[in-house]
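The structure appears below as structure tokens.
The values are calculated or read from the model by the stated rules, or taken from the named source; none is laboratory data. It should be emphasised that the depicted structure is a prediction, and the values quoted were computed from it without experimental measurement. Glycine gets a Cβ as well: all are built from the backbone with ideal geometry, and neighbour counts include every protein chain shown.
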């Protein structure tokens with residue numbers, strides 16, 4: 001039986017947390033996410049990135065997909081402040097727009113986005129079904145839904161092993177952030193149950209590494 005879920009703060013809204021998060025080594029994880037997203041199928045038009053954090057995923061995506069435009073949203077003002085700096089440095093202000101938005105109550109109209117994506121944000125949300133439901137609502141018919149997040153470990157020993165394996169070069173605060181995120185994460189079966197409630201095949205959710213699940217699906221036309 002997995003560890004019980006222990007929630008983090010829904011928004012990492014302190015500048016110290018935003019800077020610590022931004023300075024962690026996300027390069028390989030982000031590159032893999034974008035590679036897998038691009039391999040999941042074609043999408044043309046505006047993309048919505050839920051829980052963008054400091055906008056590292058949109059930056060990587062725009063560098064590798066020359067025709068995409070991203071609406072990158074987050075609940076944390078501090079994250080968005082760092083994201084704005086990152087986007088300016090990357091010279092992508094014409095292709096990435098930031099907005100302060102709650103993923104559970106999106107202000108966007110129905111059927112708008114060619115793809116709705118999220119990496120590492122769902123474990124912050126106490127009621128992730130609401131975010132999934134909103135993502136489906138704003139995706140265009142036939143639009144791609146591509147979500148990835150951490151898997152909650154079976155026990156404390158496994159959690160600690162993951163921290164030692166993937167955060168061994170980080171400072172103590174960053175290691176604590178990673179450990180807390182693992183404790184707040186969902187299991188593959190929990191995510192499968194959520195997407196099934198929205199009419200998607202449970203098997204569209206798969207374990208895709210020793211610490212990640214991925215949901216890849218298309219909204220019905």
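Against the condition in a helix (DSSP H, G or I), surrounded by fewer than 20 Cβ atoms within 10 Å (Cβ to Cβ) and modelled with pLDDT of 95 or more, how does residue 130 come out, does it pass?
Judged against the criteria, residue 130 is a match.
Please report, ordered by residue number, the helices (runs of 4 or more DSSP H) entirely within segment 1-118 with at least 1 residues that are without any contact (Cβ under 8 Å) to a residue 60 or more places away in the chain and more than 25 Å from residue 169 (Cα to Cα).
27-39, 56-64, 77-89
Read through the list (1) in contact with a helix residue (DSSP H, G or I) (Cβ under 7 Å, 6 or more places away or on another chain); (2) buried (at least 24 other Cβ atoms within 10 Å of the Cβ); (3) not in a strand (DSSP E or B), then give the number of the only condition that residue 123 fails.
(2)
Please determine, by comparing only the residues of segment 24-66 that are surrounded by 13 or more Cβ atoms within 10 Å (Cβ to Cβ) and at positive phi, which one is farthest from the chain's Cα centre (by Cα).
45
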